[in-house]
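Taking it in order: structure first as structure tokens, then the write-up.
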Amino acid sequence: MDPQTLSVIGIFAGLATLVILALRGWSIIIIAPVAAIIVLVFSQVNLLTGLSEIYMKGFSSFAMKFFLLFLMGTIFGKVMEDSGAAKKIAAFILRLTGKKRELYMAMAIVTVCGLLGYGGVSVFVILFVVVPVARPLFKEMDLSWHLFPGIYFFGVATFVMSMLPGTPQIQNIIPTKYLGTTAMAAPELGLLASATIIIVDYFLLGWIIKRSKCRGEGYEGSDPFAVMAGTQQDDDKNLPNIWVAFLPSIVLLILLNILNVDIIWSLLAGTLTGLIAFHKQLPDKRKTLITGGTNSAIPLINTCADVGFGTVVGTVIGFKTISTALLSIPGTPLLSLSIATQLMCGVTGSASGGLGIAMELFAKHFLAMGINPEVIHRVASLATAGLDVMPHNGAVITALAVVGLTHKESYKYIFILALLAPIITNIFCVLVATVLY
């Protein structure tokens, strides 16, 4: 067997190892180097050289570019969480939207997730804010709790993550470091994608709820958050005023999208605003800052491990065959970009990790083709929504554990609302982008 074919086999064997071990609960920090070793062995690359130079080059390169972004993002989110501002915003939106019908209540939760996400709050912080608010609503309306993870990922992993122009989520920021664009890149395409996914998921969610009710499914399950839900009214007395609660996010978004201030400085300004505005709600500011900073480590290292593996794949001889196939997909270059990014996100089980790999490997190629950088940015960012929520995705595993559900009980709803619908949206938007740009 020729070396190139053997290398291709090694790449797929490494990918299979990554996915299988992730599904079995292994940390990406451990399995990414193991998968890289498999690729290196099949590609006949010296292991020590491959790991210490190639793998760690990709690992450290991503850390160097995005450490401050992860650090400031998690600290900002921790300030919003510890002060109660995120909780106050969530309760405020639910009061505005009401909870008379199941679908309206579900869309209200999506709205809360989207607003918090657009305000710079991280996915994991949103989860812990929304669960105590959502669980009593599901119980009151006797709506199956199994539906919640799908609704949650609709809110955090579709339009607000990568589609809305100006969103400060990292999936919209990573391309700016490679393409010289801003968070507002290709706003028309982003707005179109956002409207499309919301409309598609609205009808899909209505169908899911109707089928659940027809099957006679009720709330079901235990309520480990009963104490939190029961004390919410008392806790509200200590929460900041609603208009003050919005202030740090408003500062962040104005600086980032209107004044075009770098995301790091925008996050810093939002954090400082929060520390001042929530002075009474944050008696131990040192603890909040330290915890927020510490919380950035695991997500950053996980993503760096993904990117390190992708760097190894990108340097072995078999990748030339695969990349040629990806870039030669029938249709437009934008279709190739979208599919390549989706596959990277699916393989790594990480939207940011997959996008980082795709940008490292393909950004220069598409720029050299003369494609508008803003379009490259938006198409690649859009493509992070979909295959990123494969069963081995860390956020999926964490969310199911937090809400006390299993893949068997709830993953089908995540699949419909946060994987299938975004892929349909991506296909539609790539076709539109091909015509418009």
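The C-alpha atoms of the chain define a longest principal axis, and helix 263-277 lies at about 20 degrees to it.
In the structure shown, the pairs Lys57/Lys78; Lys320/Lys364; Lys65/Lys364; Lys87/Lys280 are assessed against 21 Å; a Cα-Cα span above that value is assigned to Lys57/Lys78.
Placing R0 at 30 angstrom, the Cβ-Cβ distance between Asp284 and Leu259 gives a FRET efficiency of 0.40 after rounding to 0.05. Between the residues Gly58, Leu137, Ala22, the greatest Cα displacement towards the positive end of the dipole of the chain, with unit charges on the Cβ of Lys, Arg, Asp and Glu, is found for Leu137. Normalising the average separation of contacting C-alpha pairs (under 8 angstrom, six or more residues apart) by the number of residues puts the relative contact order of the chain at 26 percent.
Which value at 222 nm does the chain reach when only helices count, each DSSP H run of 4 or more adding -39,500 (n - 2.57), with the total divided by all residues and rounded to the nearest 500 deg cm²/dmol?
On the way: 22 runs with 313 residues, N = 437.
Helix-only estimate at 222 nm: -23000 deg cm²/dmol.
With respect to the chain, whose longest principal axis is taken over its alpha-carbon atoms, helix 3-23 is tilted by about 20°. Residues in the range 208-214 carry Karplus couplings, in order, of 5, 5, 4, 5, 5, 5, 5 Hz; the curve used is 6.51 cos²θ - 1.76 cosθ + 1.60 with θ = phi - 60°, and Gly or Pro positions show x. With q set to 0.07, 0.10 Å⁻¹, the log10 of I(q)/I(0) for the range 3-436, from the Debye formula over equal scatterers at the Cα positions, is -0.33, -0.69.
Just checking the listed ones, Ala22, Ala13, Ala305: in the Gaussian network model of the chain with Cα springs under 10 Å, the one fluctuating most is Ala13. The long axis of helix 123-140 is offset from the longest Cα principal axis of the chain by roughly 50 degrees. Simple spin-label estimate for Lys412 and Ala325 gives 3.2 nm between the two label positions (7 Å along the Cα-to-Cβ direction from each Cα).
Each value in this text was obtained by applying a stated rule to the coordinates, not by laboratory testing. Model, not experiment: these values are computed from the prediction. Cβ: placed from backbone, ideal geometry, glycine included. Neighbour counts: every protein chain shown.
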